[in-house]
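In what follows, a single structure is set out as structure tokens and then discussed.
The values are calculated or read from the model by the stated rules, or taken from the named source; none is laboratory data. What you see is a predicted model; the values in this text were computed from it and never measured. Because the Cβ atoms are built from the backbone with ideal geometry, glycine has one as well, and the counts that use them run over all protein chains shown.
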Amino acid sequence: MKKFLMFLILFLFLFSSDAFTQNDKASIGIFSGINLNSNSFEFDDEKNFMDTSYSNDTKTNFSMGVFAMYDIAKNFGIRIQGQYINKGGITKVNTYTGNNLTPIERSYRNSINYIQFSFFPQFNLPLNEKKSKSKAYINAGGYLSVKLSAKEYITYSTDYEEMSIEKDISKSIKGSDAGLIFGAGLVYGEFLIDVRYDLGLTNITEEAVLKDFLKIKNRSINISVGWTGGI
């Protein structure tokens with residue numbers, strides 16, 4: 001049902017594009033790229049983790065989406081976009097247990113699929129007055145993401161053995177995420193290169209034994225290329 005909803009949203013967006021582009025101040029576009037994702041962790045009671053150390057790694061995933069741009073002034077406009085995006089991160093945990101302090105290393109790779117809606121003002125800097133479509137831009141705003149699914153890939157290892165498992169963690173991850181966006185890009189003709197940083201502000205964990213003292217938030221660097229349709 002959620003996949004159908006995603007398709008329906010994109011279909012309705014594209015279906016209305018002809019009417020939207022009748023306005024000289026409006027344009028649409030599509031984009032696709034990669035995300036460098038990680039999670040930030042905040043502990044409210046670190047003394048419970050004295051024998052445990054944590055480290056974060058980034059993971060690379062794919063995203064794609066559509067956007068609409070409306071020019072309010074000559075070099076200023078509002079951008080709205082919807083996209084499929086995968087977030088999460090890799091967390092490595094080292095714990096010492098038992099009288100002999102046997103080390104246990106665990107690696108958690110979270111994969112969380114979202115439909116993300118973003119809204120942000122955009123300032124454009126023309127690079128060539130004779131070819132007004134060529135420009136640099138900066139933007140900043142906010143996003144709201146709706147979770148589609150979530151999985152976790154766990155690897156346990158000690159000095160003696162290694163084991164890997166996969167599990168569905170959809171019920172352990174909050175159904176939505178919200179945060180801030182900061183971005184910049186370059187448009188040449190009808191093509192663009194876009195770099196953006198997503199700063200999650202929501203504690204995404206719903207695990208009952210964790211959410212009272214552990215806060216997990218999404219972080220993401222997005223690098224995309226796309227077709228602007230005359231942004």
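Considering (1) at pLDDT below 90; (2) assigned to a loop (DSSP other than H, G, I, E, B), say which one Ile216 fails and leave the rest.
For Ile216, the failing item is (2).
Per-residue answers, yes or no, for (1) part of a strand (DSSP E or B); (2) more than 15 Å from the chain's Cα centre (by Cα); (3) exposed (fewer than 13 other Cβ atoms within 10 Å of the Cβ):
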| site | (1), (2), (3) |
| --- | --- |
| Gly142 | yes, no, no |
| Leu148 | yes, no, no |
| Ile154 | yes, yes, no |
| Tyr160 | no, yes, yes |
| Asp177 | yes, no, no |
| Ala184 | yes, yes, no |
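What is the number of the single condition among (1) loosely packed, with under 12 Cβ neighbours inside 10 Å; (2) more than 19 Å from Gly183 (Cα to Cα); (3) modelled with pLDDT of 65 or more that Asn48 does not meet?
(3) is the only condition that Asn48 fails.
Only one residue in Gly29, Gly33, Gly65 is at pLDDT 85 or above and in contact with a helix residue (DSSP H, G or I) (Cβ under 9 Å, 6 or more places away or on another chain). Which one?
Gly65
Mind telling me which of the residues Gly142, Gly82, Gly98 ends up being modelled with pLDDT of 95 or more and among the small types (Gly, Ala, Ser)?
Gly142
Restrict the check to region 163-171 and report whether at least one residue is closer than 24 Å to Ser38 by Cβ, at pLDDT below 90 and of a type in the set (Asp, Glu).
Yes, the conditions are met somewhere in region 163-171.
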